[in-house]
Amino acid sequence: MAHRIGGRKLSRKQGPRLALYKNLTVSILRYERVQTTEAKAKEIRSRVEKMITLAKRGDLAARRSVISQFPNEPLVVTKLFNEIAPKYADRTSGFTRIIHLGQRYGDAAPIVQIELV
């Protein structure tokens, strides 16, 4: 019995799975909406919300934490702190929305659009 092991494996090993999560998170913060499968969207929703919550703090430690997560994405970090975080200053959570779009042709995987509210 595997207790206290959370998250989806998505048929990947740990390294590729974490890279997928990081790339999807950057894409959502850059483009503000992404089409992906439902399992991936549900998995990265919490990661995006944690980044926005960190950016809402706005202090140097929060900025360094976000930069450590996305070291090669300075434009995304700047957008997160200057545009996205002030937009959600009055909210405590619920920064993302998942909209069901249907099923993917081929394997019938449920496709959704995850976007910033």
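Derivation of every value follows stated rules applied to the coordinates shown; laboratory data play no part. Just so you know, these numbers come straight off a predicted model, no measurement behind them. Counting neighbours? That spans all protein chains shown, and the Cβs are built from the backbone with ideal geometry, glycine included.
Among the residues of segment 10-24, is there at least one that is touching a residue at least 40 places away in the same chain (Cβ under 8 Å), closer than 18 Å to residue 68 by Cβ and within 15 Å of the chain's Cα centre (by Cα)? Within segment 10-24, one or more residues are touching a residue at least 40 places away in the same chain (Cβ under 8 Å), closer than 18 Å to residue 68 by Cβ and within 15 Å of the chain's Cα centre (by Cα).
Restricting segment 25-46 to residues that are touching a residue at least 24 places away in the same chain (Cβ under 8 Å) and hydroxyl-bearing (Ser, Thr, Tyr), the residue that is farthest from residue 70 (Cα to Cα) is 37. Restricting attention to segment 11-60, the residues being of a type outside the set (Lys, Arg), farther than 21 Å from residue 100 by Cβ and surrounded by fewer than 15 Cβ atoms within 10 Å (Cβ to Cβ) number 10.
When every residue of segment 63-81 is checked against the conditions, at least one turns out to be closer than 15 Å to residue 117 by Cα, buried (at least 16 other Cβ atoms within 10 Å of the Cβ) and not small (Gly, Ala, Ser). Criterion first (in contact with a Phe, Trp or Tyr (Cβ under 6 Å, 6 or more places away or on another chain), more than 26 Å from residue 111 (Cβ to Cβ) and not polar (S, T, N, Q)) does residue 89 satisfy it? No: the conditions fail for residue 89.
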